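Here is the structure we will look at, set down as structure tokens.
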Amino acid sequence: MLDQIEQIFKEIEILPINNLAELEVFRIKYLSKKGIISQLFEDFKTVPNEIKKNFGQQLNNLKIAGQAKYDACLSEFSKINVIQTKKDLSAPSDNVQIGSRHPISLIKNEICQIFGRIGFNISEGPEIEDDWHVFSALNFPSEHPARDMQDTFFIEKNPDILLRTHTSSVQIRVMERQKPPIRIVMPGRVFRNEAISYRSHCIFHQIEGLYIDKNVSFADLKQTLIYYGKEMFGSGVKIRLRPSYFPFTEPSAEMDISCSLCKGKGCNVCKHSGWLEVAGSGMVDPSVLENCHIDSSNYSGFAFGMGVERTAMLKYDIKDLRIYFENDIRFLKQFSAAL
């Protein structure tokens, strides 16, 4: 048995190990629980007493020699692996994909900047609202048919709580806590229970504006809308105002611009009219001012609102607004130059 230990010593010394795979074979053969050295330790109890001491010393030396060779090879191969995987810091860098802002964010920021240049500040409010701020304070009585103009997502357990259908709720919150003069724009996401198509969605974004002060007239509203239309769509755009109805403004008007997609010739997006509605507007109804404890005999004002998705369709020649929600990188990469 001593001759067997000496023979294994020689095998371990001369055995070539060139990589981690061969090192693992070595470990299993000699050092594992079922390996040769472990088997010799099992046979130790059958060794005669007169050679047991010498056999035990030789066996321990064999185990130490095998473990030392394994550790040395493992350390060497680990260093080689680190060197091979280490990056050359002087090498040219990989091309990094540059992200881009979503077109909705770009248009929202541009609208806010346009009105910011004429003194409008930004105000925001909660998306989960109550009936008072979304409807009642804005001249929507509980049984008024005007409530049917907007299909609302109500919270089932509490019908007084709902997802806001417009950012007009922010107007009420601002007028409740701030005295005139007030000049704000209110960007935000809104929700309506509408069928999803190429020109409508149940989730979309609005930016509304409010100006309250003494002696504010419809002429001020008209000039503000014309200024916005020229700044957003270019000086050559055609603009018209049509009489309309909103419960919280009187008189009210819709703002249309000439369709940039078909150049006024008529297409599916503009319903073959050559015009696209881009904003609703009107003079704030005196009763809305009174609901917010603002004296309507001393103050007047106007409000307006536009859809961000619709504006982006016109600005970027997009024919289907559903693509905004698809996260298609091929679509989004087109707007990297607009950062």
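Computed from the coordinates by the stated procedures, all read-outs in this text should not be read as laboratory data. Since we're looking at a predicted model, the values are computed, not measured. Heads up, the Cβs are rebuilt from the backbone with ideal geometry, glycines too, and the neighbour counts pull from every protein chain shown.
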**Item:** Cysteines in the chain that, by Cβ-Cβ distance, have no pairing candidate under 4.7 Å
**Value:** C73, C112, C202, C292
**Asked** Using mean Cβ contacts within 10 Å as the protection proxy, how do 15-21, 189-195, 322-328, 278-284 order, highest first?
**Response** 278-284, 189-195, 322-328, 15-21
**Asked** Which of S252, H201, S235 sits farthest toward the positive end of the charge dipole of segment 139-266, with +1 on the Cβ of Lys and Arg and -1 on the Cβ of Asp and Glu?
**Response** S235
**Request:** Rounded to the nearest 0.05, what FRET efficiency do N18 and I64 give with R0 = 30 Å and r taken as the Cβ-Cβ distance? Could you check?
**Result:** 0.80
**Message:** Per 0.36 nm of contour for each residue apart, how much would the distance between K222 and A72 grow if the chain were fully extended, relative to their Cα-Cα spacing?
**Reply:** 45.5 nm
**Prompt:** For the pair E156 and F325, what calculated FRET efficiency results from E = 1/(1 + (r/R0)^6), where r is the Cβ-Cβ distance and R0 = 25 Å, to the nearest 0.05?
**Reply:** 0.50
**Request:** Among Q171, I329, V288, pick out the residue whose Cα is farthest towards the positive end of the charge dipole of the chain, where Lys and Arg carry +1 and Asp and Glu carry -1 on C-beta, about the Cα centre.
**Result:** I329
**Complete:** With DSSP loop assignment and no more than 14 other C-beta atoms within 10 Å, the trypsin sites (Lys or Arg not before Pro) in segment 105-179 are R117, K157
**Request:** Work out the FRET efficiency for C202 and R240 from their Cβ-Cβ distance, taking R0 = 22 Å, and round it to the nearest 0.05.
**Result:** 0.15
**Complete:** In deg cm²/dmol, rounded to the nearest 500, the helical mean residue ellipticity at 222 nm of the chain, built from -39500 (n - 2.57) for every DSSP H run of length 4 or more, is -11500 deg cm²/dmol
**Gain in span if fully extended, S32 to A91, counting 0.36 nm per residue against the direct Cα distance** = 16.9 nm
**Prompt:** Assuming a viscosity of 1.002 mPa s and a temperature of 20 °C, what translational diffusion coefficient in µm² per second does Stokes-Einstein assign to the chain, Rh being the Kirkwood radius over Cα pairs?
**Reply:** 82 µm²/s
**Asked** Fewest first, what order do K238, K45 take by the number of other Cβ atoms within 10 Å?
**Response** K45, K238
